[in-house]
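The structure under discussion appears below in the form of structure tokens.
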Amino acid sequence: MPYTIVEQHETPNPAARKFVLDRTIATSPRSYFNQAAARNDPLARAIFEIAGVTNVLLLDNWITICKLPNAPWKEIRSGVERALKGAE
């Protein structure tokens, strides 16, 4: 069953956003600083395929994503929504 983003929050870091989901996605932290580190995590790997994504953290019912300075949040959110549709 796909996940849905119910809220999006800015963080003190302008290059990071927290995406709150409709249910728990990870019961323990899953943190990745590059695509190679996420190779065994299908969802994180899919998020890293979004242009500009640099870091991914999944925990409880949220995902925090960091991006390159010029990467637009609108496109990243759209990519995250697509990745969550394929997540189980």
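Side notes on the structure shown:
- When region 1-12 is limited to residues that are open to solvent by 70 Å² or more (accessible area, probe 1.4 Å) and within 12 Å of CYS66 (Cα to Cα), the one that is farthest from the chain's Cα centre (by Cα) turns out to be PRO12.
- Within region 25-67, the residues that satisfy the criterion of being open to solvent by 60 Å² or more (accessible area, probe 1.4 Å) and either under 18 Å from PRO2 (Cα atoms) or charged (D, E, K, R) (or both) are THR27, ARG30, ARG39, PRO42, ARG45, GLU49, ASP60.
- Criterion (within 14 Å of GLY79 (Cβ to Cβ), free of Cβ contacts under 8 Å to residues at least 60 places away in the same chain and within 13 Å of the chain's Cα centre (by Cα)) met by exactly one of VAL56, VAL20: VAL56
- Scan of region 68-84 for residues that are open to solvent by 50 Å² or more (accessible area, probe 1.4 Å) and more than 12 Å from LEU21 (Cβ to Cβ), ordered by number: LEU68, PRO69, ASN70, PRO72, LYS74, GLU75, ARG77, ARG82
The values are calculated or read from the model by the stated rules, or taken from the named source; none is laboratory data. In this text, all values refer to a predicted model and were calculated from it rather than measured experimentally. When we count neighbours, we look across all protein chains shown, and the Cβ atoms used for this are built from the backbone with ideal geometry, even at glycine. The area values use the complete protein model at the heavy-atom level, side chains included, leaving out ligands, DNA and RNA. Shrake-Rupley method; radii C 1.70, N 1.55, O 1.52, S 1.80 Å.
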